[in-house]
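Participant: Here's a structure for you.
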Amino acid sequence: MKNVGILALQGGVSEHASMVESMGARPVWIRQIKDIAPVESDGIIHFENTFLDAIILPGGESTTMWKLLNLFNLVTPLRTLISSGIPTLGTCAGVITLAQDILNKQNGQESLGVLDIIVDRNAFGSQIASEEVNLDTTWGSIRASFIRAPRIAQLTENSRAEVAATYKGEIVCVHQNNIIGASFHPELTGDTLLHEQLLKKI
Ligand code: GLN
């Protein structure tokens with residue numbers, strides 16, 4: 001059975017876990033380094049022996065997520081693993097956390113910098129402007145929920161990312177080798193399209 005690690009510091013963790021389970025894979029909560037890979041007593045982490053086959057960064061609040069990633073020393077382990085090519089899906093706050101750079105970020109907020117895009121937080125308005133729509137993507141149609149969603153303002157120079165979906169003239173989903181990033185929440189509508197793509201990459 002494939003192990004899909006879900007960053008479980010805050011946000012929509014259980015929704016992603018239910019999706020993963022319904023697709024016959026095992027959701028694994030990532031809260032500490034030892035959830036990712038074996039750690040020796042001298043602190044050396046064996047990323048090559050990771051327990052995980054894929055990673056999901058859920059939606060939530062990217063500012064809080066960043067603080068907690070630092071608090072639990074997960075920034076370097078996640079960066080290393082994702083850069084080494086593990087299949088990764090980031091949704092909403094998750095795609096913000098994966099991005100190369102962030103517009104409208106809070107003081108002290110940074111990101112993993114593994115996805116060659118610049119995101120713009122809260123670009124589709126406030127919570128009451130949230131909506132559920134059908135979107136066309138590279139892989140087919142998806143039912144997508146937008147909640148205080150970021151737009152992908154641009155691909156970086158020499159970006160390896162490709163646009164996978166747009167909404168209201170803005171990029172809202174990209175694909176870059178092992179990484180899929182979406183501004184919306186597929187886990188809230190139960191649409192498995194992006195999760196299927198993630199599992200296919202394993
Ligand atoms: N606006 C949130 C942020 O900046 C993201 C919202 C979400 O994940 N639904 O992190």
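Read-outs throughout are calculated quantities, based only on the coordinates presented, and are distinct from any laboratory measurement. Here the structure is a predicted model, which is why all the values come from computation and not from measurement. Positions of Cβ are generated from backbone atoms using ideal geometry, with glycine treated the same way; all protein chains shown enter the neighbour counts.
Participant: Relative to the present Cα-Cα distance, how much length would full extension add between K2 and S83 at 0.36 nm per residue of separation? Mind showing how you got there, number by number?
Facilitator: On the way: separation 81, 0.36 × 81 = 29.16 nm, distance 1.98 nm.
Between K2 and S83, full extension yields an extra 27.2 nm.
Participant: With a sphere of radius 11 Å drawn around the Cβ of A99, what net charge do the other residues whose Cβ falls strictly inside it have (Lys, Arg +1; Asp, Glu -1)? Don't skip to the end; give the middle numbers.
Facilitator: Numbers: positive: K105, R121; negative: D101, E110, D116, D120.
That sum, taken over residues with Cβ under 11 Å, equals -2.
Participant: Something else now. Setting aside same-chain residues fewer than 8 positions from K34, which aspartates and glutamates have a Cα under 16 Å from its Cα?
Facilitator: D42, E48, D53
Participant: Count the DSSP beta bridges whose two residues both fall in the chain, then state the antiparallel fraction as a percent rounded to the nearest 5. Provide the component values of the computation, followed by the final result.
Facilitator: Numbers: 23 of 42 bridges.
If I count the DSSP bridges inside the chain, around 55 percent turn out antiparallel.
Participant: Restricting to DSSP H runs of at least four residues, report the calculated mean residue ellipticity at 222 nm for the chain, -39500 (n - 2.57) per run over all residues, nearest 500 deg cm²/dmol.
Facilitator: The helix-only estimate for the chain comes to -6000 deg cm²/dmol at 222 nm.
Participant: Quick one: which residues, 5 or more positions from A37 or on another chain, have an amide H under 5 Å from its amide H? H modelled 1.01 Å from N in the peptide plane, none for Pro or chain starts.
Facilitator: F51
Participant: Counting pairs of alpha carbon atoms under 8 Å apart in space and at least six apart in sequence, what relative contact order in percent does the chain give?
Facilitator: On the way: 460 pairs, mean separation 36.9, N = 202.
The value is 18 percent.
Participant: Under a point-charge model restricted to the Cβ atoms of Lys and Arg (+1) and Asp and Glu (-1), what is the dipole moment magnitude of segment 1-111 relative to its Cα centre, in debye to the nearest 20? Intermediate results must be reported in sequence, preceding the final value.
Facilitator: Numbers: 7 positive and 10 negative charges, 25 e Å.
For segment 1-111, the charge dipole is close to 120 debye.
Participant: Also, quick follow-up: Among the lysines, which fall within straight-line cross-link reach of K105, defined as a Cα-Cα distance under 27 Å, with same-chain neighbours fewer than 8 residues apart omitted?
Facilitator: Qualifying lysines at Cα under 27 Å: K67, K168.
Participant: Skipping prolines and chain starts, which residues have an amide H placed within reach, meaning under 5 Å, of the one on I30, given they are 5 or more residues away or on another chain?
Facilitator: Those lying under 5 Å, H to H, from I30 are I6, L7, A8.
Participant: How large is ³J(HN,Hα) for each residue in segment 161-167, as worked out from phi by the Karplus curve 6.51 cos²θ - 1.76 cosθ + 1.60 (θ = phi - 60°), to whole Hz, x for Gly and Pro?
Facilitator: With coefficients 6.51, -1.76 and 1.60, one gets 7, 10, 6, 10, 6, 10, 8 Hz.
Participant: Ranking S62, S83 by Cβ neighbours within 10 Å, fewest first, what do you get?
Facilitator: Details: S62 28, S83 14.
The most exposed by this proxy come first: S83, S62.
Participant: Amide H of A153 versus every other amide H placed in the peptide plane: which residues, excluding those fewer than 5 positions away on the same chain, fall under 5 Å?
Facilitator: Amide H to amide H, under 5 Å and 5 or more residues apart or across chains, A153 pairs with I118, V119, D120.
Participant: What are the semi-axes of the equivalent ellipsoid for segment 1-160, taken as the square roots of 5 times the Cα gyration tensor eigenvalues, largest first, in whole Å?
Facilitator: The equivalent ellipsoid of segment 1-160 has semi-axes of 26, 19, 15 Å.
Participant: Then there is this: Given labels modelled 7 Å from the Cα in the Cβ direction, how far is it in nm from K34 to E48?
Facilitator: Taking the two extended label points, one gets 2.3 nm.
Participant: Hey, another quick one. For the modelled label position 7 Å from the Cα of K200 along Cα-to-Cβ, which residues of segment 127-167 have backbone nitrogen atoms closer than 19 Å?
Facilitator: Flagged as within label range: 135-144, 161-166.
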